[in-house]
Amino acid sequence: MAATFYFDLDKMRWFALRIGVIGTGYVGLVYGAVMADFGHYVTCMDKDEQKIGQLKLGNSTIYEPGLPPILQYGLSTGNLYFTTSLEECVKYSDMIVIAIGTPTGPDGNADVSDVMTVAEEIGTFMLDNKLVVCKSTVPIGTSRKMLEIIEQQLQARNVGYQIEVACNPEFLRQGKAVEDCLSPSRVIIGTETQHAREVLQDIYRMYDQEKIPFLYTGYETAELIKYASNSFLAVKISFVNELAWLSETAGANIQDVVMGMGLDARISPTFLEAGAGYGGSCFPKDTRALVETGAKYNAQLHIVEAAIAANETQKTRMVQKIIDTLSSHHDLSCLTIGVLGLSFKPETDDIRSAPSYDIIKGLLDQGLTVKVYCPEGMRQAKLTWTEINERIFYCDSEAECADQADALVLITEWGQFRNLEWTKILATMHNNYLFDLRNMFTRENSVTELFHYYAVGVGV
Ligand code: UDX
């Protein structure tokens, strides 16, 4: 297996970059494909044989815009290779990137046991010097612990290979992952050796360093930057969702409030859209983990705690609003709801911690009949929502979902919902309620005038 060689004009030398990526989830797969697209030689490893089988054929295992072409291009050039063997991945890589999940553990903290197991295995299989880069979101102290575990393993084998560890958190957004990976907002490199920094600088030399800031820190700071960023964004959302509730009850309009606030450059209107609450694989998990880290270091994080609680309340409020509105005119047990959008956000098939689950469950528990449609999220929902699946009707289109429904509840703002023929949709419905939990149509009178229309944070 040959490495790809580059000529570095600055340093006047040839060098080869071979990257191993462990884990082919939303982060690892996109990162591996983009690095191969940059010309690096990338071996992606995952223990899931079925997944690797599909990836070897060039079939993307996740829905992520822009990913299939770079995946297929990487395979065709030979720069991207897939394996289920960790040993092979370690052997043929100079730098090994860990991109495996750190799910919420029983105590609310991130469970890093898989990361530690991989670290140990790297120490077992290493046959030369390695740089191990942690892209998984990991609590403070994990990178240092990984280094320790690999060193112990090398000592036990009585071999003297050099091992370096760096923490290089990933900030990509699902649905825009390829775009974000090609041009990240920043590159954070937490490491303790000059050599590791230089290798990462080489790896990322395709990034325009004039435009993309690079920040070099120690391990603990890099680890905390990731949690702090996600938690701050979650705080923004919970803040605006609480104000949306106030706006709604007090007769104000949250969208105008945000616009007014955002005119102050210190505040900015971005990431302040009121909605059904945040979801996904990161915010719910990372906010909880940060609170646990705070507790561990005796630093209670009141604001993050409040953001988590407000997010739970927001989902309950959405259900309550629908129930209160409908029950004042109808017998709930006779009503059918059509839910549009299951994924935690548009342009992804990911339903992890999606608000749709709690909202649908809340509606079912009130005796309503629920039909659902989502452009990409239904496959995962059918596989994982075992508790409620027997009570849900999955539909093949928006039209089927609306047919004979009394109300539509829009939970995820997929762009295609904007182009629906709403008059035709309405004609097949039994009643005409539209709960727009993402404020998608607040400014489109042609839609709102057709329905009893309810948005989030818009006073009636
Ligand atoms: C997030 C971070 O943005 C990203 O940097 C990190 O690497 C991973 O976590 P992601 O989970 O893909 O990315 O989604 P994001 O676009 O941040 O949205 C998260 C949730 O917040 C979604 O449920 C979304 O609907 C919600 N959201 C977002 C709002 O409710 N309002 C907003 O204004 C923005």
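Details
- Asn253 meets each of the listed conditions (1) under 24 Å from the mean Cα position of the chain (by Cα); (2) of a type in the set (S, T, N, Q); (3) surrounded by fewer than 21 Cβ atoms within 10 Å (Cβ to Cβ) apart from (1).
- Where helices (runs of 4 or more DSSP H) sit wholly within region 29-129, none has at least 3 residues that are in contact (Cβ under 8 Å) with a residue 60 or more places away in the chain and in the same structural domain as Ser281 (by TED's automatic domain parsing).
- Scanning region 407-460 for residues that are away from the ligand (no atom under 16 Å from the Cβ), touching a strand residue (DSSP E or B) at 6+ places or on another chain (Cβ under 6 Å) and either among the acidic types (Asp, Glu) or not in a loop (DSSP other than H, G, I, E, B) (or both) turns up Ala407, Leu408, Tyr433, Leu434, His452, Tyr453, Tyr454.
- Condition check for Ile254: within 16 Å of the ligand (Cβ to nearest atom), closer than 30 Å to Pro139 by Cα and not small (Gly, Ala, Ser): no
- Scanning region 338-384 for residues that are assigned to a helix (DSSP H, G or I) and under 18 Å from Thr313 (Cβ atoms) returns Pro355, Ser356, Tyr357, Asp358, Ile359, Ile360, Lys361, Gly362, Leu363, Asp365.
- Of residues in region 169-191 being over 19 Å from Leu71 (Cα atoms) and loosely packed, with under 15 Cβ neighbours inside 10 Å, the one nearest to the ligand (Cβ to nearest atom): Ser185
- Out of Thr287, Thr316, sole residue that is within 16 Å of the ligand (Cβ to nearest atom), crowded, with 24+ Cβ neighbours inside 10 Å and free of Cβ contacts under 8 Å to residues at least 60 places away in the same chain: Thr287
- Matching residues, region 78-92, being among the small types (Gly, Ala, Ser) and at pLDDT below 95: Gly78
- Exactly one residue out of Glu198, Glu223 is among the acidic types (Asp, Glu) and surrounded by fewer than 18 Cβ atoms within 10 Å (Cβ to Cβ), and it is Glu198.
Residues are listed down the side, and each one gets a yes or a no for (1) touching a residue at least 24 places away in the same chain (Cβ under 8 Å); (2) surrounded by fewer than 16 Cβ atoms within 10 Å (Cβ to Cβ):
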| position | (1), (2) |
| --- | --- |
| Ile359 | yes, no |
| Val372 | yes, no |
| Arg379 | yes, yes |
| Leu383 | no, yes |
| Asp396 | no, yes |
| Ala399 | yes, yes |
| Ala402 | yes, no |
| Ile411 | yes, no |
| Thr423 | yes, yes |
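- Among the residues examined, Gln404 qualifies as in contact with a His (Cβ under 7 Å, 6 or more places away or on another chain) and either at pLDDT 95 or above or within 24 Å of Gly25 (Cα to Cα) (or both).
- Segments classed as helices (runs of 4 or more DSSP H), wholly inside region 197-310, with at least 2 members that are outside the structural domain of Gly341 (by TED's automatic domain parsing) and within 30 Å of Ile62 (Cβ to Cβ): 219-250
- Some residue of region 164-186 being over 26 Å from Lys345 (Cα atoms), in a loop (DSSP other than H, G, I, E, B) and in contact (Cβ under 8 Å) with a residue 24 or more places away in the chain: no
- Count of residues meeting criterion [within 11 Å of the ligand (Cβ to nearest atom) and of a type in the set (A, V, I, L, M, F, W, C)] in region 338-350: 1
- Tyr207 meets the conditions (1) closer than 22 Å to Ala33 by Cα; (2) surrounded by 15 or more Cβ atoms within 10 Å (Cβ to Cβ); (3) of a type outside the set (A, V, I, L, M); (4) within 16 Å of the ligand (Cβ to nearest atom) in every case but one. The failed one is (4).
- Unmet requirement for Asp365, which otherwise passes all of (1) within 27 Å of Asp324 (Cβ to Cβ); (2) touching a residue at least 12 places away in the same chain (Cβ under 8 Å): (2)
Yes or no, residue by residue, for (1) within 16 Å of the ligand (Cβ to nearest atom); (2) crowded, with 23+ Cβ neighbours inside 10 Å; (3) closer than 22 Å to Phe451 by Cβ; (4) more than 24 Å from the chain's Cα centre (by Cα):
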{"position": "Asp264", "(1), (2), (3), (4)": "no, no, no, yes"}
{"position": "Tyr278", "(1), (2), (3), (4)": "yes, yes, no, no"}
{"position": "Ala295", "(1), (2), (3), (4)": "no, no, no, yes"}
{"position": "Thr325", "(1), (2), (3), (4)": "no, no, yes, yes"}
{"position": "His329", "(1), (2), (3), (4)": "no, no, yes, yes"}
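The values are calculated or read from the model by the stated rules, or taken from the named source; none is laboratory data. Given the structure is predicted, the values throughout are model-derived calculations rather than measurements. Cβ coordinates were reconstructed from backbone atoms using ideal geometry, including for glycine residues, and neighbour counts include every protein chain displayed.
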